[in-house]
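Written below as structure tokens is the structure these notes are about.
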Amino acid sequence: MSAPEAPPTSRGRAALALVWDVGAPIGMYYLLHGLGLSTFLALLLSAVLPGLTSVYQVVRSRKLDGLSLFMVSVTVLSALASLISGSPRFLLAKDGYLTAFAGAWLLVTARAERPVVFMFARVLLEGRVGPHGESWDVLWERLPGFRRIWRVAAVIWGTATIADAVVRFAMAYTLPVNQVPALNGVQWGVLFVLLQVVTNVYYHRAGLYDPRSALYEPLARSQTQAAIASL
């Protein structure tokens, strides 16, 4: 049975949520700072927006997933720690903590039953990648090469996001405070584009996008044998 393709509206909502989580805090910071709020207070208030998005998604879906819990936890903990320390630079480093934790999470799940990279990609690609739109559950169970692709991808994404975190920490504690929010936003775009290029080159070389590649040969053989046995 073929897996259903992810609806375009779902992909569109996911893209809009990502743009909001990255762009809205930056825009709100510069707006509040321009209205006369202190740097610390403007950073603190703008940092709440991604957490509010996650809370809204949890309330709307009535389901608390790991990603939403992670986003809310990082936002709340960084805000509380900033109130104690009173440091705007700690708030600026929040994106660094986020990517560091995310990178560690990605690396840990590389050896889990299903890497988190697999789960994110499945929403976008299942039904469009693989022969005959096979369910990714089938591909995962029957194809060792398919499992290896997502474990390698988790390592690529995890390593890159940890390196990204190091750069964010350096910017947060060395550059002029008012420059860092905009640079953090630019860096999200650079990280996303770089990872898309690197992982898609890897996916092509591994045969993920070619249903006739050697990656899918074990599945084709098993289907042929099943057809012969049914005669």
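For the stretch 49-60, the condition holds for at least one residue, the condition being that it is at pLDDT below 80 and of a type in the set (Gly, Ala, Ser).
Every test in (1) closer than 22 Å to residue 201 by Cβ; (2) crowded, with 17+ Cβ neighbours inside 10 Å; (3) of a type outside the set (D, E, K, R); (4) touching a Leu at 6+ places or on another chain (Cβ under 8 Å) is passed by residue 110 save one, and that test is (4). Residues that are within 18 Å of the chain's Cα centre (by Cα) and among the β-branched types (Val, Ile, Thr) were ranked within the stretch 168-192; the one that is surrounded by the most Cβ atoms within 10 Å (Cβ to Cβ) is 190. Might you check whether a residue that is in contact (Cβ under 8 Å) with a residue 12 or more places away in the chain and touching a Lys or Arg at 6+ places or on another chain (Cβ under 6 Å) occurs anywhere in the stretch 154-173? Looking for residues that are in contact (Cβ under 8 Å) with a residue 12 or more places away in the chain and touching a Lys or Arg at 6+ places or on another chain (Cβ under 6 Å), one finds at least one in the stretch 154-173, hence yes. Put simply, of 31, 37 the only residue that is at pLDDT 80 or above, assigned to a loop (DSSP other than H, G, I, E, B), surrounded by fewer than 18 Cβ atoms within 10 Å (Cβ to Cβ) and of a type outside the set (D, E, K, R) is 37. Here residue 127 meets the list (1) out of contact with any helix residue (DSSP H, G or I) (no Cβ under 7 Å at 6 or more places or on another chain); (2) more than 30 Å from residue 167 (Cα to Cα) almost entirely, failing just condition (1).
Residue-wise test of (1) over 24 Å from residue 217 (Cα atoms); (2) buried (at least 18 other Cβ atoms within 10 Å of the Cβ).
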{"residue": "93", "(1), (2)": "yes, yes"}
{"residue": "99", "(1), (2)": "yes, yes"}
{"residue": "117", "(1), (2)": "no, yes"}
{"residue": "135", "(1), (2)": "no, no"}
{"residue": "143", "(1), (2)": "no, yes"}
{"residue": "194", "(1), (2)": "yes, no"}
{"residue": "201", "(1), (2)": "no, no"}
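Taken together, 124, 106 contain a single residue that is farther than 20 Å from residue 24 by Cα, hydrophobic (A, V, I, L, M, F, W, C), under 15 Å from the mean Cα position of the chain (by Cα) and at pLDDT below 90, which is 124. Selection of first residues in the stretch 176-196 that are free of Cβ contacts under 8 Å to residues at least 60 places away in the same chain and among the acidic types (Asp, Glu) and of second residues that are surrounded by 15 or more Cβ atoms within 10 Å (Cβ to Cβ) and in a helix (DSSP H, G or I), restricted to Cβ pairs under 8 Å at least 6 apart or on distinct chains, gives an empty result.
The values are calculated or read from the model by the stated rules, or taken from the named source; none is laboratory data. Every value quoted in this text rests on a predicted model; they were computed, and no experiment measured them. Cβ sites come from the backbone with ideal geometry, for glycine too, and all protein chains shown count toward neighbours.
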